[in-house]
Amino acid sequence: MADLNPLFQVGLDVRDRVCLVIGGGGEAEDKAGRLMDAGARVVLVSPESTQVLEDWATQGWLEWRRRHYEPGDLDSALLVLNTVRCDTDLGDRVLADAESRGILVNTYDDVSRSHFGMAALVKAGPLRLSISTSNASPTLSRRLRQDLEGLFDAEFGEYLEALGKARAHLKETIHDFDTRRLILHGLVEGARLEGRFAVPADWRQRIEAALAATGIKKPGE
């Protein structure tokens, strides 16, 4: 279990900062979209791209450099997301180039060539929930994201936005922290998340069967 790493969870302000995305497939589309949602200036480097990425470039939402990665692509970048899979040579070069400049790197599905992880993200209005299994099962992270997204409807988004406006107004009008906190606590009284995660009843048998089929000993042996 050496690859398990809980990481240090943070929210990074990328507004108006250059963020490099290498690769033009579905993973690049997802990461570029998340960066643009956060206000980043996205630079895409790839000879090819999905239609969505090409449309974003045509509309001027991101800059597309239609070629393979070059070290100069890191100029002015805050971070780089390498979405190209199974190319260790590229991963090594990007990591070395970035580290020489003090730039953070994430290489898709390769923790040894990454400084940070990309958690599965739940979005509902202003809400952002990141989900990580410490690299134990990114597949389960995606499943949890899909399930959690279904728990938050349009009214939740309206509620959260209204809370934000109320908080901003109270900060301007009520300067006593304890009084303001008491009011804010009252605004979320009764709000709660209801639910329970259901583990498959035969999960042990499934895992043992999957490992046995590939000749791998089950955990603990």
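The values are calculated or read from the model by the stated rules, or taken from the named source; none is laboratory data. Bear in mind that the values here come from a model prediction, so they are computed numbers and not experimental data. Cβ atoms come from the backbone with ideal geometry, glycine included; neighbour counts cover every protein chain shown.
At-a-glance table
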{"item": "Close pairs (6 angstrom Cβ cut-off, 6 or more residues apart or separate chains): within 20 Å of Gly26 (Cβ to Cβ) in the range 97-124, surrounded by fewer than 17 Cβ atoms within 10 Å (Cβ to Cβ) and acidic (Asp, Glu) anywhere", "result": "Val122/Glu149"}
{"item": "Which numbered condition Glu99 fails, given (1) in contact with a Lys or Arg (Cβ under 8 Å, 6 or more places away or on another chain); (2) of a type outside the set (S, T, N, Q); (3) modelled with pLDDT of 95 or more; (4) surrounded by fewer than 19 Cβ atoms within 10 Å (Cβ to Cβ)", "result": "(1)"}
{"item": "Near pairs, Cβ below 6 angstrom, 6+ apart or cross-chain, from the range 48-77 (assigned to a strand (DSSP E or B)) to any residue that is surrounded by 14 or more Cβ atoms within 10 Å (Cβ to Cβ)", "result": "Glu63/Val43; Trp64/Leu44; Trp64/Ala57; Arg65/Val45; Ala77/Val18; Ala77/Leu20; Ala77/Ile103"}
{"item": "Complete set of residues in the range 102-137 that are within 20 Å of Thr88 (Cα to Cα) and of a type outside the set (A, V, I, L, M)", "result": "Asn106, Thr107, Tyr108, Asp109, Asp110, Ser112, Arg113, Ser114, His115, Phe116, Gly117, Asn135"}
{"item": "Unmet criterion (only one of (1) buried (at least 21 other Cβ atoms within 10 Å of the Cβ); (2) not in a helix (DSSP H, G or I)) for Gly39", "result": "(1)"}
